[in-house]
Amino acid sequence: MTLDITAGMVPLVVRARMAAGVAHAVPWGISLDGLLASEIRENTKAAAWAAGTDYEPYSPDTIPKDLDLPLARCTGDGADGWHWAATFAYPEDQIPGPHVQYWSARPDQQALGQMSDQLPALVSERQGRYRSRVMPLPLTVCRHLLWRAVGDPDAVAELLTPIVSIGKKRGAGNGHVLSWEIAEHPDADRWEFSHLHPDSSLGRTAPVACLHGRGDVPTGGEGRMGLRPPYMHPCRRTQVLLPV
């Protein structure tokens, strides 16, 4: 396992000051490489719209192109088993939970009638795709979210600065980011900043080869999960060690 580092890349600590925490689905935090890739995709879509050209969305039937992120690459187990040198979010000053909100939804019968001329007399709210829902929303309540990475600090800051909210249910006020802070740590261990949380536990999905010879690193066990963005795409999923 080696790190592919280009000029200007150094170990970084990225810190987001949160208004009230963040909502997310998986049991670990939001990935930094996922945030950067998402912002690049948004910029690409905006440029395509401004130019009046087509934008090709992700499809489960095609292999997505790897974006050029301002991060170093860890070779992992070789071949296609590489990943970006960045961790998932680590909450600082976290208020112990669990913290759970609930959101609800129900079909608007009048709106459905305006959109279709072949509706049944009544759209059931108890079954089917238009049934009413009450869903839990787990929250991580904390003052800051922290990521470690090896990358270009200026390029990372340029991509993160426009992001004002992260996580799920952003439209309801969750995941509001007050400010971003990026600190350089040029003398830090590059492997550690690419893989571990500040508490020395595994901080991202990683091949077993990444931890070979690194001692007893706490992990979340093994499972099948994405190794790099887009994490939920079928072709990105492989057997990995999971973060804590």
Subject >> Subset tally (residues that are of a type outside the set (Asp, Glu), over 30 Å from residue 91 (Cα atoms) and outside any helix (DSSP H, G or I)) for segment 9-57 >> reply: 4
Original post:
Which strands (runs of 3 or more DSSP E) does segment 133-215 wholly contain that include 1 or more residues that are of a type outside the set (Asp, Glu) and at pLDDT below 95?
Top reply: 133-140
Original post:
When segment 22-61 is examined, which residues are found to be of a type in the set (Ser, Thr, Tyr) and touching a residue at least 12 places away in the same chain (Cβ under 8 Å)?
Top reply: 31, 38, 58
Subject >> Residue in segment 58-71 that is surrounded by the fewest Cβ atoms within 10 Å (Cβ to Cβ), counting only those that are within 17 Å of the chain's Cα centre (by Cα) and part of a loop (DSSP other than H, G, I, E, B) >> reply: 68
Original post:
So residue 5 fits all but one of (1) more than 11 Å from the chain's Cα centre (by Cα); (2) farther than 17 Å from residue 184 by Cα; what number is the exception?
Top reply: (2)
Subject >> Residue, modelled with the highest pLDDT, within segment 93-111, restricted to residues that are of a type in the set (S, T, N, Q) and surrounded by fewer than 12 Cβ atoms within 10 Å (Cβ to Cβ) >> reply: 104
Original post:
Considering only segment 112-169, how many residues are of a type in the set (Val, Ile, Thr) and surrounded by 18 or more Cβ atoms within 10 Å (Cβ to Cβ)?
Top reply: 4
Original post:
With (1) more than 25 Å from residue 183 (Cα to Cα); (2) more than 15 Å from the chain's Cα centre (by Cα) as the list, and residue 25 as the residue in question, which single condition is left unmet?
Top reply: (2)
**OP:** For residue 76, work out the one condition from (1) of a type in the set (Gly, Ala, Ser); (2) more than 16 Å from residue 236 (Cα to Cα); (3) buried (at least 18 other Cβ atoms within 10 Å of the Cβ) it doesn't fulfil.
**Re:** (2)
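The values are calculated or read from the model by the stated rules, or taken from the named source; none is laboratory data. Just so it is clear, the model here is predicted, and its values are computed rather than measured. A quick note on method: Cβ atoms are made from the backbone with ideal geometry, for glycine too, and the neighbour counts reach across all protein chains shown.
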